[in-house]
Amino acid sequence: MRDELKTQSTDSKNARRLASITERFEETFGSPPTFIASAPGRVNLIGEHTDYNDGYVCPVAIDKYLNIAVRKRSDRRVVMHALDVSESWDFSLDALTPIPRQTPAWSRYLIGVASVLQASGKQVAGIDAVITGDVPIGAGLSSSAALSVAATLAFLTAGSEAEVPLSETDKTELAALCQRVEHEFAGVKCGIMDQTISLLGQGNCGLFLDCRSLEYEHVPLNLSDHAIAICNTKVKRELAASEYNKRRAECERGVEILRQWLPGITSLRDITLADFKKYEEELPTLTQKRCRYVIEENTRVVEAVSVLKCRDESTSTKTEIDESLIALGRLMNASHDGLRDDYQVSCPELDLLTDIARDITGVVGSRMTGAGFGGCTVSIVHKDALETFQRRVATEYHEKTGIEPEIYRCHVSNGAQVFWNF
Ligand code: GLA
């Protein structure tokens, strides 16, 4: 088990990370990289499976990154080494498809990014690249979005041969391009949350994102004596991608049926809880459960954000502050319960982790995060309870599953960056 609950200086961690990638690049290609494109994973505090329903989300960028060290080539080839899986691959920017069957999964993302960028008229250059990171793969912390985002910055920066200052609008546009990579090259009809937070994350802030208008707000996380802890079940279910696409279709079906009574709606985002209650009986049972969860979850996100904001602006006493955190915790718990019972994307291991967490004094809330069917939970834990949290979660989860979970304390970080000096 990792002892990551202890605080480390983010700056020194960062410097070490960049130095070690530089060294690996030199070992592989014989001279240092020109720049390093780095994109974080994310943990979603609340608003799960709402993004592709045009709803609200509130994720944070975490201090785990996917890094690509890059040197521009004079030809149109892309030569890559993925250190963490000890695999290499190369391709030509002029012959991206059809993708050979034996192409490794990680490499398909880079081919996808190059293809989508070129198709949208962006200048892309051939590169030598070393890829490495510490976002756990397939753990629900958006390692694939981090890979697409880092690859996007790598290709664009090499293509322009200089630092490209990205405006907020550019970032929103790039998030949509990265989402297309997931749709067209990985077959997952994902929403826009993961790519957006990886690009737009801000230290110690949640990103309150309206996934329809793409308007957003950075909401300061004033958690006072509390920390965000992430627990990895270390399980992932094969059916995750197909069930994900199925949920999306079920929600769309619900909207189609409900449109008979609510003609103006185009997504579940448009339906109030009160309206839903009037017509829910018209829906097949499963569709009804899926829609109820999404509509309730949207209201929980809005409520959670207003709790966070009033903590930020609050001049209230300590007791009142703690009460608002308790409210946030309740919303997180209710989110998990809805995902487990109505949306049915949890699994025994995620339920076990949340049950153990909620039983520990000092934990205000705990829920699964990400698409589900394995992956991670996110919990808000009082700093004094962190050691007990780590010990009890590790022991009790191991006793019941035989698996040693990974437990991290999450430091909320900035979105993707390109580093030139390291
Ligand atoms: C995955 C998808 C996101 C989002 C979450 C569930 O992470 O990539 O778009 O739908 O699942 O909230």
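The values are calculated or read from the model by the stated rules, or taken from the named source; none is laboratory data. Here the structure is a predicted model, which means the values were calculated and not measured. Cβ sites come from the backbone with ideal geometry, for glycine too, and all protein chains shown count toward neighbours.
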- Query: Only one of these conditions is not met by Met1: (1) within 25 Å of Ala241 (Cα to Cα); (2) modelled with pLDDT under 95; (3) among the hydrophobic types (A, V, I, L, M, F, W, C). Which number is it?
  - Reply: (1)
- Item | Output for the stretch 158-195, where each listed residue is more than 15 Å from the ligand (Cβ to nearest atom) and crowded, with 23+ Cβ neighbours inside 10 Å | Ala158, Leu174
- Task: Among the residues of the stretch 327-375, write down those that are of a type in the set (Ser, Thr, Tyr), assigned to a helix (DSSP H, G or I) and farther than 19 Å from Glu404 by Cβ.
- Result: Ser335
- Note on the structure: Going through the stretch 377-389 in order, the residues found to be crowded, with 24+ Cβ neighbours inside 10 Å and not small (Gly, Ala, Ser) are Thr377, Val378, Val381, Phe389
- Query: Taking the stretch 50-63, which residues are within 12 Å of the chain's Cα centre (by Cα) and within 9 Å of the ligand (Cβ to nearest atom)?
  - Reply: Asp51, Val57, Pro59
- Item | Lone qualifier among Arg392, Arg358, Arg367 - being away from the ligand (no atom under 16 Å from the Cβ) and closer than 26 Å to Met193 by Cβ | Arg358
- Query: Do you know which residues across the stretch 193-210 are farther than 10 Å from Val60 by Cβ and not in a strand (DSSP E or B)?
  - Reply: Met193, Asp194, Gln195, Thr196, Ser198, Leu199, Leu200
- Lone qualifier among Ser213, Ser224, Ser242 - being surrounded by fewer than 20 Cβ atoms within 10 Å (Cβ to Cβ) and in a helix (DSSP H, G or I): Ser242
- Number of the condition not met by Ala146 [criteria: (1) within 12 Å of the ligand (Cβ to nearest atom); (2) part of a loop (DSSP other than H, G, I, E, B)]: (2)
- Task: Check whether at least one residue in the stretch 140-148 is crowded, with 18+ Cβ neighbours inside 10 Å and at positive phi, and report yes or no.
- Result: yes
